[in-house]
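The values are calculated or read from the model by the stated rules, or taken from the named source; none is laboratory data. All figures in this text were calculated on a predicted structure; none of them were measured in a lab. Cβ placement follows ideal geometry from the backbone for every residue including glycine, while neighbour counts extend to all protein chains displayed.
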Amino acid sequence: MGSFSIWHWLIVLLIVVLVFGTKKLKNMGQDLGGAVKGFKDGMKDGNQPDTPIPPASQVTASQGPIGADQTPIDVESRNKP
């Protein structure tokens, strides 16, 4: 009594299809799939740093930390006319 058989699930599925229609169910499935894909892509992007960090062997003295004689350059503001 507590569990449903396959026939119960098929009847429920048939009623859902009759109520909503196949086109609306297809659109809802596509929207849900797009949302899941967007969420996964967002999680991948969130784990990666914004700028790639060069390996320690490629860092030179001129690329080291900013000292008193060096000033940072804002690339975006530099490229603007």
Among the residues of the range 1-30, write down those that are under 31 Å from the mean Cα position of the chain (by Cα) and exposed (fewer than 10 other Cβ atoms within 10 Å of the Cβ).
Thr22, Lys23
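Could you run through the range 30-45 and say how many residues are among the small types (Gly, Ala, Ser) and modelled with pLDDT under 90?
The initial filter retains those residues of the range 30-45 that are among the small types (Gly, Ala, Ser), namely 33-35, 38, 42.
Pick out the ones that are also modelled with pLDDT under 90 and you get 42.
Total meeting the criteria: 1.
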